[in-house]
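To keep things clear, I will list the structure first and then write my remarks on it.
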Amino acid sequence: MGIGTILIERELITNEQLAEAIEEQNTTGERLDHVLVRLGYVSNSQVLETIGQQFAMPIVDLSTIQVKADVLKTLPARLVFKQRCVPIEMSNGTLRVATCDPFELTAFDELRLLTGLTIDLVLADEQDLRKFIRAHYGVAGDTLDALADVQPVIEVEDSVAADLDEIAQASEASVIKLVNDLMVEAIRERATDIHIEPYEDTLSIRYRIDGVLSQAGVPPTISRFRNAIISRLKIMASLNIAEKRKPQDGRISLRSGGNEYDLRVSVIPMLFGEGVVLRILNKSTIMFDLEDLGMDREMLVKWDEMINMPHGISLVTGPTGCGKSTTLYASLQRIVSDEVKAITIEDPVEYHVSGVNQIPVHEKVGLTFATGLRSILRHDPDIIMIGEIRDLETAQAAVQASLTGHLVFSTLHTNDATGAMTRLIDMGVEPFLVASSVEGVLAQRLVRRICSECKEIHTPGKSEFPPDFGPIEGQTFYRGVGCRECRLTGFRGRLGLFELLTMNDRIKELVMQRASTNLITRAAIETGDLMLLRDAAYIKVRSGDTTLAEALRATKG
């Protein structure tokens with residue numbers, strides 16, 4: 001009896017839903033239960049319970065099981081990845097094996113022959129099983145297992161011969177699969193960066209997830225193939241494999257899960273080899289609304305007024321990776337229509353926005369932010385977005401564009417909103433031009449959001465409250481205890497903290513007097529034209545979106 005028939009008998013799905021799923025299965029080749037879950041007709045837990053009863057197999061929760069090292073070694077990594085099964089217990093000549101796919105029972109004959117033990121099958125959730133394998137056998141553990149068996153590490157003294165050998169290794173199917181697995185795993189875990197760092201005896205691979213670095217979970221044997229991995233990445237990024245003495249930058253384009261990704265590759269020579277960082281940009285990411293990013297209604301009204309002005313400069317400031325570009329794209333989406341022409345110049349173009357003319361910076365041919373901006377003005381735009389104001393030339397071009405009737409968006413690297421004024425003046429822009437062209441500045445940070453799956457009430461100790469945080473009587477605080485959905489961190493996803501400075505006559509006067517950032521900040525707070533990032537963070541804590549510790553981490557200093 002098939003899984004579809006059993007689900008119908010249990011009244012979990014209808015005949016029409018099964019027919020639709022079978023038709024979809026004929027197209028995709030997926031397992032029928034996977035199709036039914038993907039279409040939303042049945043939950044994963046319902047399918048798991050049904051399969052368990054069909055095969056009379058107990059269900060285990062792999063996220064709570066501790067397995068001894070000698071048990072894990074009973075099955076080679078290649079077989080674990082191939083059959084999608086893991087050994088979890090061994091006693092009296094019986095090996096208990098967890099699987100998510102009991103339909104291919106003949107495949108487990110291979111386990112009996114290999115181990116010489118009686119195999120006792122139990123059922124596990126597929127997602128839990130995948131995470132268990134990655135945690136205990138490492139990302140691409142099967143590929144490394146195969147490489148260790150068939151590819152000895154060759155040490156060649158001659159540099160030319162060494163380069164040729166590295167090219168040959170980097171072109172091996174196993175190395176290609178290994179590198180692909182590392183990138184796909186990073187995408188699956190929602191990583192924004194991959195850090196590959198060589199040390200004397202090890203190769204560290206870390207993913208930046210929700211702004212925090214964590215180990216990728218690769219086997220120690222990966223260190224033996226560091227040169228092949230880095231050479232493969234260089235080949236993919238069209239870099240010079242033979243050059244190992246100076247930094248190189250390149251890009252890799254790939255598709256995964258129907259989405260397009262642009263990976264910015266940076267290679268830097270270090271003491272024990274070349275270090276690589278890959279920045280992952282999802283070109284297919286659905287544009288967010290500013291509300292989704294965490295901007296509250298009162299601030300959104302003020303920001304909307306600013307971005308709907310006919311001219312002037314609106315700046316978004318903050319450190320690298322704090323979501324400035326995402327905020328600008330979300331802002332553009334709110335105002336772009338058939339009545340206006342919008343042009344952007346970016347390095348690189350991170351998202352494709354419908355109805356917007358987007359230009360990538362190409363410094364090798366002389367297309368910089370400043371030169372591109374001068375050319376853009378001849379295309380009669382209403383709205384101009386500059387990826388970043390980096391120098392005086394770009395800053396002056398932006399000011400001139402705003403003064404000649406254009407609405408200009410851009411980003412700037414400053415710690416707070418008021419710091420943008422002094423930064424532009426320090427670049428060499430005249431204070432009266434800054435005061436007359438800048439309409440407002442939005443500073444932002446990102447904080448990790450408490451995981452909704454493991455969120456619980458938490459009462460911080462008195463020592464955890466900073467002096468500037470006044471807890472309200474009866475206030476409830478939350479934290480995440482850690483679960484499989486959040487990789488045991490207690491956080492999943494991020495949201496923005498925003499500090500908006502709107503210009504008024506008093507602030508403009510201070511800018512023209514070259515006043516310090518502190519003076520401008522105090523004046524803006526007194527007139528009600530500025531709410532600090534720290535206060536925005538505390539609002540998110542009180543609303544239960546993040547923790548007090550996370551708010552302090554994101555806004556310290």
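The values are calculated or read from the model by the stated rules, or taken from the named source; none is laboratory data. Quantities reported herein were computed from a predicted structural model and do not represent experimental measurements. Here Cβ is always computed from backbone atoms with ideal geometry, including for glycine, and neighbour counts include all displayed protein chains. Note: areas computed on protein heavy atoms with side chains; ligands, DNA, RNA excluded. Shrake-Rupley method; radii C 1.70, N 1.55, O 1.52, S 1.80 Å.
Things to note:
- Cross-link partners of Lys73 among aspartates and glutamates, defined as those whose alpha carbon lies under 14 angstrom from its own and excluding same-chain residues fewer than eight positions apart: Glu89, Asp142, Asp145.
- 0 to 90° range, to nearest 10: angle between helix 173-188 axis and the chain longest Cα axis: 60
- Taking every DSSP helix (H) stretch of at least 4 residues in the chain, weighting each as -39,500 (n - 2.57) and dividing the sum by the residue count yields a mean residue ellipticity at 222 nm of -11000 deg cm²/dmol.
- Long-range HN-HN contacts of Leu446 with modeled amide H, under 5 Å: Leu497
- Pairs exceeding a 27 Å alpha-carbon distance, out of Lys234/Lys364; Lys283/Lys540; Lys244/Lys364: Lys283/Lys540.
- In this structure, the residue pairs whose Cα-Cα separation is over 28 Å, taken from Lys131/Lys177; Lys177/Lys455; Lys246/Lys324; Lys324/Lys556, are Lys177/Lys455; Lys246/Lys324.
- Cα-based Rg / Dmax (Å) for segment 254-344: 17.6, 57
- Alpha carbon convex hull of segment 359-505, volume per residue in cubic angstrom: 202
- Loop-located GluC sites (Glu not before Pro) across segment 1-37 with a Cβ neighbour count of 10 or fewer within 10 Å are Glu11, with loop assigned by DSSP.
- Listed residue (Asn180, Leu254, Val447) projecting farthest to the positive dipole end of the chain, Cβ model: Val447
- Taking a ≥ b ≥ c as the square roots of the eigenvalues of the Cα gyration tensor, segment 421-557 is prolate, since a/c reaches 1.5 or more and a/b is larger than b/c.
- Helix 226-236 axis, angle to the chain major axis (alpha carbon atoms, nearest 10°): 60
- Between segment 255-296 and segment 4-70, the alpha-carbon centres lie 33 Å apart.
- Cα shape, segment 197-265, gyration tensor, a/c 1.5 rule: oblate
- C-alpha long axis of helix 392-403 to longest principal axis of the chain, angle in °: 70
- Estimated translational D of the chain in µm²/s (Stokes, Kirkwood radius over Cα pairs; 20 °C; 1.002 mPa s): 79
- Backbone amide hydrogens, once placed in the peptide plane, bring Phe477 within less than 5 Å of His458, excluding anything fewer than 5 places away on its chain.
- Efficiency of FRET from Cβ geometry, Arg190 and Ser43, R₀ 22 Å, rounded to 0.05: 0.50
- Charges were assigned to the Cβ only: +1 to each Lys and Arg, -1 to each Asp and Glu. The resulting dipole of the chain about its Cα centre is roughly 1060 debye.
- By the Cβ rule of 4.7 Å, the chain holds the following cysteines without a possible disulfide partner: Cys85, Cys100, Cys322.
- For segment 198-312: rounded, prolate or oblate by the Cα gyration tensor [a/c cutoff 1.5]: prolate
- Rounded percent of accessible protein surface that carbon and sulfur make up, the chain, 1.4 Å probe: 50
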